[in-house]
Amino acid sequence: MEELFAPGHRGCAGCGAAIAARLILKGAGKDIIAVSPTGCLEVISSPYPQSSWGVPWIHSLFENAAAVASGVEAALRALGREDEAKVLAIAGDGGTIDIGFGVLSGMLERGHDVTYICYDNEAYMNTGIQRSGSTPYGASTTTSPAGKISFGEDRPKKNAPAIAAAHGIPYVATASIAYPKDVIKKVKKAVEIEGPKYLQIHAPCCTGWGFDSSRTIEIGRLAVETALFPIYEMQNGKITSVKKIKRKPVEEYLKVQRRFRHLFEKEGGEEEIKKIQEIADGNAEQFGLDL
Amino acid sequence: MKLSIGAVTEPGSTRINKTGSWRTFKPIIDVEACVGCGMCSMFCPEGVVYEVEDKYTIDYDYCKGCGVCAHECPSGAIEMVIEEK
């Protein structure tokens, strides 16, 4: 398969976002126009005056990837050239779930034929690991630091796929880079469906989460196997497929990452781990994840 | 109206950055033990593990030595060794 994301990019060794970008492009093919907001992927793939992209790609601002993608799609239609390229937005969780959220909602509401893909590394990594709406409960970041009193992030991860689905769009899916064929399959499927599509792809970050660069895929797999990142597909508002798992306790996922270290070292940490286990149990029940 | 072209660059032009110099550990594929499943190639963040006649080879000009390929190889055919430069 042709490689559309060139090496020489500035991603950290073991970068999950770079793996996500490669898999997305394998699924989408070369006849696309990609839009990225500010974020790790933008920074690593476009060190001026170079580009890693083998497809037309545009970056404008942090908050407007969905608006730019909407404009590109509308322009293609106005020119009668909508058959020549599919429009993709590939954005981080900060640019999607916080800063670009209103704009994304507008794009979904207006019904643009755009595949919006959020690679989810659960914080603002490129600016120095600040929490985002996608940061999970209990994770220590530079703006939700664990300390004498704090146990890190004190709010649950925002359920962005559910909010996207609430717009009544035809396709919503989650995936993880640890299951590459699933990512490729879902991207391929999404671009073929007409209308707005939302995909959220879990992409572990060795620098921000604190694990060895060789374990990016292993950590991604553990997030799925503990039910902390459920994998499913929704078509026209109904869940149509779920990745079933032989469930592992959340400790197996938490103990291998620096961002959750305080849960094991501080008094009261056990209580917090229990709360995280409850989140996983809730996911397993909601989606019927258990084999 | 004259349109500015902005910062338009050549596709794939980051190839001039030889990120292989970042490496402290180097993956070595044992071609005898390799079963040709391609997971190393699929997971490489740089996309520089290539298939050559059912076996795999690494472009060390760009490999950053993250070790994902060695960690994920189901047949344990990739070893990380200290880089000597």
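Checked against (1) outside any loop (DSSP other than H, G, I, E, B); (2) under 28 Å from B:His71 (Cβ atoms); (3) not aliphatic (A, V, I, L, M), A:Lys248 passes all but a single condition, namely (1). The set of residues in segment A:1-31 that are more than 8 Å from every other protein chain (Cβ to nearest Cβ) and out of contact with any helix residue (DSSP H, G or I) (no Cβ under 7 Å at 6 or more places or on another chain) comprises A:Glu2, A:Ala20, A:Leu25, A:Gly29, A:Lys30, A:Asp31.
Pairs, please: C-beta under 6 Å, at least 6 apart or cross-chain, first residue charged (D, E, K, R) and in segment B:7-25, second surrounded by fewer than 17 Cβ atoms within 10 Å (Cβ to Cβ)? The qualifying pairs are B:Lys18/B:Asp61; B:Arg23/B:Glu83. Could you list, in sequence order, the residues of segment A:137-164 that are among the aliphatic types (A, V, I, L, M) and either closer than 21 Å to A:Gln257 by Cβ or surrounded by fewer than 20 Cβ atoms within 10 Å (Cβ to Cβ) (or both)? Matches in segment A:137-164: A:Ala139, A:Ala146, A:Ile149, A:Ala162, A:Ile163. Of all the listed residues (A:Gly220, A:Gly152, A:Gly195, A:Gly147), the sole one being of a type outside the set (S, T, N, Q), under 20 Å from A:Ile32 (Cβ atoms) and in contact with a His (Cβ under 9 Å, 6 or more places away or on another chain) is A:Gly195. Do we have any residue at all in segment A:195-202 that's out of contact with any Cys (no Cβ under 8 Å at 6 or more places or on another chain) and of a type in the set (A, V, I, L, M, F, W, C)? No, the conditions are met nowhere in segment A:195-202. Just one of the numbered conditions (1) under 21 Å from A:Gln277 (Cα atoms); (2) in a loop (DSSP other than H, G, I, E, B); (3) touching a Pro at 6+ places or on another chain (Cβ under 9 Å) is not true of A:Thr174: (2).
Quick one: A:Ile219 ticks every box in (1) within 25 Å of A:Gln277 (Cα to Cα); (2) of a type in the set (A, V, I, L, M, F, W, C); (3) more than 14 Å from chain B (Cβ to nearest Cβ) except a single one, so which number is it? So A:Ile219 meets the others, but not (3).
Residue check: A:Ala139 meets all listed conditions (1) among the small types (Gly, Ala, Ser); (2) within 14 Å of chain B (Cβ to nearest Cβ); (3) assigned to a loop (DSSP other than H, G, I, E, B) but one, namely (2). Scanning segment A:54-65 for residues that are out of contact with any Pro (no Cβ under 6 Å at 6 or more places or on another chain) and part of a loop (DSSP other than H, G, I, E, B) turns up A:Val55, A:Pro56, A:Ser60, A:Leu61, A:Glu63, A:Asn64. Would you confirm whether any residue within segment B:2-13 is within 7 Å of chain A (Cβ to nearest Cβ), among the polar types (S, T, N, Q) and either more than 17 Å from A:Pro7 (Cβ to Cβ) or outside any loop (DSSP other than H, G, I, E, B) (or both)? Yes, segment B:2-13 contains a residue that is within 7 Å of chain A (Cβ to nearest Cβ), among the polar types (S, T, N, Q) and either more than 17 Å from A:Pro7 (Cβ to Cβ) or outside any loop (DSSP other than H, G, I, E, B) (or both).
From A:Lys238, A:Lys188, A:Lys246, which residue is touching a Leu at 6+ places or on another chain (Cβ under 8 Å), more than 14 Å from chain B (Cβ to nearest Cβ), over 24 Å from A:Thr127 (Cα atoms) and not aliphatic (A, V, I, L, M)? Every option except A:Lys246 fails the conditions. Taking the conditions (1) charged (D, E, K, R); (2) within 17 Å of the chain's Cα centre (by Cα); (3) in a loop (DSSP other than H, G, I, E, B) in turn, A:Arg221 satisfies each one other than (3). Each residue in segment B:19-58 was checked for being loosely packed, with under 13 Cβ neighbours inside 10 Å and within 10 Å of chain A (Cβ to nearest Cβ), and 1 of them qualify. If the condition is being touching a Leu at 6+ places or on another chain (Cβ under 6 Å) and either surrounded by fewer than 19 Cβ atoms within 10 Å (Cβ to Cβ) or within 12 Å of another protein chain (Cβ to nearest Cβ) (or both), then segment A:32-60 contributes A:Ala34, A:Gly54, A:Val55. With respect to the conditions (1) touching a residue at least 12 places away in the same chain (Cβ under 8 Å); (2) at negative phi, A:Ala162 lacks only one, and its number is (1). Which of the residues belonging to segment B:57-85 are under 13 Å from the mean Cα position of the chain (by Cα) and closer than 21 Å to A:Ala21 by Cβ? Hits for segment B:57-85 are B:Ile58, B:Asp59, B:Asp61, B:Tyr62, B:Cys63, B:Lys64, B:Gly65, B:Cys66, B:Gly67, B:Val68, B:Cys69.
Kindly indicate which of A:Val72, A:Val43, A:Val68 is in contact (Cβ under 8 Å) with a residue 12 or more places away in the chain, under 17 Å from A:Val191 (Cα atoms), among the aliphatic types (A, V, I, L, M) and not in a loop (DSSP other than H, G, I, E, B). A:Val72 is the lone residue from the list that is in contact (Cβ under 8 Å) with a residue 12 or more places away in the chain, under 17 Å from A:Val191 (Cα atoms), among the aliphatic types (A, V, I, L, M) and not in a loop (DSSP other than H, G, I, E, B). A Cβ distance below 9 Å, combined with a sequence gap of six or more or placement on separate chains, defines the contacts here; from segment A:77-98, residues that are in a strand (DSSP E or B) reach residues that are modelled with pLDDT under 95 in the pairs A:Gly92/A:Asn126.
The values are calculated or read from the model by the stated rules, or taken from the named source; none is laboratory data. These numbers were taken from a predicted model, which means no experiment stands behind them. Neighbour counts are summed over all protein chains in view; Cβ atoms, including those assigned to glycine, are modelled from backbone coordinates with ideal geometry.
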